[in-house]
Amino acid sequence: MSLQKLSLSTLLYFTLLLIIRVDSTQPPFSCDSSDPSTKNYPFCKTTLPISQRVRDLVARLTLDEKIPQLVNSAPPIPRLGIPGYEWWSEALHGVANAGRGIRFNGTIKGATSFPQVILTAASFNSYMWYRIGQAIGTEARAMYNAGQATGMTFWAPNINIFRDPRWGRGQETPGEDPLVTGKYAVSYVRGVQGDTFEGGKIKGHLQASACCKHFTAYDLDRWMGTTRYKFDARVTAQDLADTYQPPFESCVKQGSASGIMCAYNRVNGVPSCADYNLLTRTARRQWGFHGYITSDCDAVSIIYDDQGYAKSPEDAVVDVLKAGMDVECGSYLQKHTKSAVKQKKLPESEIDRALHNLFSIRMRLGLFDGNPSKQPFGNIGTDRVCSPAHLDLALQAAQDGIVLLKNSAKRLPLPKSKSMSLAVIGPNANGDSYTLIGNYAGPACNSITILQALQNYVKNTFYDPGCDTVGCSSASSIDKAVGIAKEADHVVMVMGLHLAQEREDVDRVDLVLPGKQQELITCVAKAAKKPVILVILCGGPVDISFAKYDPNIASILWAGYPGEAGGIALAEIIFGDHNPGGRLPMTWYPRDFVKVPMTDMRMRPQPNSGYPGRTYRFYRGHKVFEFGYGLSYSKYSYKFKHVTSNKLYLNESSSTKMVVNQHTFNYKSVSQLGTEFCENKKFSVTVGVENDGEMDGKHPVLLFVKPEKKENGRPIKQLVGFQIVILKAEEKAEIEFEVSPCEAFSRATENGLMVMEEGTHLLLVGDEEYPISIVV
């Protein structure tokens, strides 16, 4: 997000709002029952439907009162007793101060900082994702109740597909798989908004409001002179249908998200925030979205100022409001909406439509129901922020997300011995607060470094950063690090990336460790008494092939940005108090992948041109580590126990023939088959899982499907389900997957139609396969 062009009046308003509220512990609300001037307004009557209340409120506003409500810092309307409202708050992996609606200058000084999303996704545990969302929503409401929030709309989660490994914001996402990303969105949104894990509980009031972003096909910030502000993502209908759009559809239809953010970029020539087909036809009409749509910050101004799509500022305002956007992060609408109305380019009814959506959300949050202490969620106090339960959840999320990439000769876990010595080397071992937390975070409750956590296990610990910074432009202390490593019984190296290398507005230009990190690692590993343990902190993948094949590096752990409890989680894994079970939510590509232009949005390979495709579903090149890869201190085996159907007949009605490369295929479109058919054809798959190791463990079981014939742009394989199983050493269990054939076995045609074709598909779990035939 970027607010480079905010007007001075908007900044002054926000400053004034802060001054007014700074000493107040009373949360802002409307419809005070003790105020005789407002209590009789119909919009204050909670017995009326929200739609009726909103109509009454909007009808009372003048045009000059309406227009300022269309921007993120909405001013008060004193004559109606309505306080100001800030739409922009952030809560990507914990309540943050990256937006303007949250302040940590009162009783509450920090909030639970969970692992960055990419690491949380590696747990493949949707219930944990829900619990994290639940904790974030609870802490957000506690901050509002304490008078430290002027808004309850949080612009998270980020559910763009991690398409290119160089993307600086890939760390914010659940990874590269549409199913995982969609399930993460649903779980997080339900948790934040106060729904149950299964969904369907919310009928009115929201605990807090979640917003799925960035709609759509947004995954480039700044690369080789191309910026997100001007980028025109050329995306095929096929890729939109089966990759870019499904997470947003899940977020809306299953998660019941109350917010959507439209992206900076254009898609096939049209700015996302000015795309009627995207915002109104698809989100609202096709998916049934009932919420508000915000722009990314300054995304309206760039439609005219940078992209040249609109011919005037007024035209840009008209374009976004008629497309279905409701509120702007910025000030462009405040400046230019009135002139658009005066020029008769914009009917006032479009403003009313937007305000209806905006005030509906504020009412669903209970902000027009009188004193919030007497309303649902009004009893959530400050003790719920940084609570022991939430801190324990942050630790568990880090433990379950960390991925063991290598463990030669069972080097890990290390023994616990009071007499042993430990060398800890690397710039990320004792870094700043962002080292563990990543971007879009607020002040943590209590964070300890990886070095401090390791020192709790080994008192005789020696440390050297080895580099001047994470960028490691100078490795002048390599000799010192080597000297320490020679003397220690064991060596742990903590390397990787930092926000200086990857973050919003900063995409990488390579896939290797920064500066002289590789030289430092190799020298230390060669000098150490025993093969070393290498910990990599990063959001995006890094080509560490050199370490993968170096016999002097016995073990490798990927820890993402593991949050405030990440240091403890890593230490517990290294010393065997926790058995790692995380699995990579994205492909780790080789360094030469950077030959592929980041601007190429195609998912599918083009062998004739040498284009390798993207993500595990389509990429045909060499991989450093593949999607779903992850080791454990235990070994797990699988067996298909029972599948309720091994043939699926689609001959209930007529089929269609398709000719591709002189081959004829019979197929049925999923829409033709219908919801009832798809629901009735679901079948169960029972998988036996055994822990063949000596340690208890928590293990994600991933169920894939792959077509027997890789034709017609089908994925190489794709994930269709995942579950967690907890097994003691040598224990067995059976888990059941429900498979929807209309989702698992369908593919997108070139025109974006989802179809099911005759042929054989293979269910995969580990090395086990089970054939399923589709008969037309």
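The values are calculated or read from the model by the stated rules, or taken from the named source; none is laboratory data. Because the structure is a prediction, the values reported are computed rather than measured. Cβ: placed from backbone, ideal geometry, glycine included. Neighbour counts: every protein chain shown. Just the protein is used for accessible areas: all its heavy atoms, side chains included, with ligands, DNA and RNA removed. Shrake-Rupley method; radii C 1.70, N 1.55, O 1.52, S 1.80 Å.
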Exercise for the section: Distance between Cα centroids, the range 57-125 to the range 252-310: provide it in whole Å. Expected result: 19 Å
Problem - the chain, dipole about Cα centre (Lys/Arg Cβ +1, Asp/Glu Cβ -1), debye to the nearest 20 - result: 640 debye
Fill in the blank from the handout: Along the range 548-563, Karplus-curve 3J(HN,Hα) (6.51, -1.76, 1.60; θ = phi - 60°) to the nearest Hz, with x for Gly and Pro, reads 4, 9, 7, x, 7, 10, 7, 9, 10, 10, 9, 10, x, 10, x, x
Completion exercise
Scaled by the rule-of-thumb 2.2 N^0.38 Å, the alpha carbon Rg for the range 71-168 gives a ratio of 1.24
Fill in the blank from the handout: The set of residues whose placed amide H lies less than 5 Å from the amide H of residue 82, leaving out same-chain residues fewer than 5 positions away, is 77
Handout entry: P(r), alpha carbons of the range 610-759 - 5 Å bins starting at zero, rounded %
Key = 2, 7, 15, 17, 16, 15, 12, 8, 5, 3, 1, 0
Handout entry: Residues whose placed amide H lies under 5 Å from that of residue 366, excluding near-sequence neighbours
Key = 206
Practice task
Using only Cα atoms, figure out Rg for the range 710-776 and give it as a multiple of 2.2 N^0.38 Å.
Solution key: 1.38
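Sorted by accessible area with a 1.4 angstrom probe, largest first, how do 568, 726 fall?
Output order, biggest surface exposure first: 726, 568.
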Problem - Quotient of C-alpha Rg and 2.2 N^0.38 Å, computed over the range 34-73 - result: 1.31
Exercise for the section: Please figure out what share of the DSSP beta bridges in the range 132-269 is antiparallel and state it in percent, rounded to the nearest 5. Expected result: 20 percent
Exercise for the section: Take the alpha carbon gyration tensor of the range 310-410, find the square roots of its eigenvalues, order them as a ≥ b ≥ c, and report rounded if a/c is under 1.5; if not, report prolate when a/b exceeds b/c, else oblate. Expected result: oblate
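Is the range 433-571 best put as rounded, prolate or oblate by its Cα gyration tensor, with a ≥ b ≥ c the root eigenvalues, rounded for a/c under 1.5, and otherwise prolate when a/b is larger than b/c, oblate when not?
Values: a/c = 1.77, a/b = 1.21, b/c = 1.46.
Judged from the Cα gyration tensor, the range 433-571 comes out oblate (a/c at least 1.5, b/c at or above a/b).
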Fill in the blank from the handout: Whole-Å distance linking the alpha carbon centroid of the range 317-345 with that of the range 667-692 is 46 Å
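Tally Lys and Arg at +1 and Asp and Glu at -1 over the other residues with C-beta under 13 Å from the C-beta of residue 191: what net charge comes out?
Numbers: positive: 131, 141, 183, 190, 201; negative: 139, 195, 198.
For residues surrounding residue 191, the net value is +2.
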Practice task
Enumerate the amide H contacts of residue 503 below 5 Å, restricted to partners 5 or more residues apart or on another chain; note that Pro and chain-start residues carry no placed amide H.
Solution key: 168
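Could you rank 305, 315, 767 by how accessible they are, 1.4 Å probe, largest area first?
767, 305, 315
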Practice task
Work out from phi, with θ = phi - 60° and the Karplus expression 6.51 cos²θ - 1.76 cosθ + 1.60, the ³J(HN,Hα) of each residue of the range 525-532, listed in order in whole Hz, and give x for Gly and Pro.
Solution key: 4, 5, 8, 5, 4, 10, x, 8
Completion exercise
Accessible-area order for 669, 473, largest to smallest, probe 1.4 angstrom, reads 473, 669
Practice task
Could you go through the range 680-694 in sequence order and give the Karplus-derived ³J(HN,Hα) for each residue, using 6.51 cos²θ - 1.76 cosθ + 1.60 with θ = phi - 60°, rounded to whole Hz, and x for Gly and Pro?
Solution key: 6, 8, 4, 9, 9, 10, 9, 10, x, 10, 10, 8, 8, x, 9
Fill in the blank from the handout: Result for the chain, cysteines with no Cys Cβ partner under 4.7 Å, is 211, 523, 538
Practice task
With the Cα gyration tensor of the range 291-368 in hand, give its eigenvalues times 5 under a square root as the equivalent ellipsoid semi-axes, listed largest first in whole angstrom.
Solution key: 23, 14, 9
Handout entry: Whole-Å distance, taken between Cα centres, linking the range 400-436 and the range 525-570
Key = 7 Å
Fill in the blank from the handout: Using the Cα gyration tensor of the chain, the equivalent ellipsoid's semi-axes, largest first and to the nearest Å, work out to 42, 34, 25
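Show me the trypsin sites (Lys or Arg not before Pro) within the range 132-226 that DSSP assigns to loop and that have at most 16 other Cβ atoms within 10 Å of their Cβ.
Working: sites: 141, 163, 166, 169, 183, 190, 201, 203, 213, 222; in loops: 163, 166, 169, 201, 203.
Those that pass, being in a loop and sparsely packed, are 201, 203.
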Handout entry: Beta bridges per DSSP with both ends in the chain, % antiparallel, nearest 5
Key = 65 percent
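So what's the net charge close to residue 412: Lys and Arg +1, Asp and Glu -1, counting the other residues with Cβ under 15 Å from its Cβ?
Charge balance near residue 412 sits at +2.
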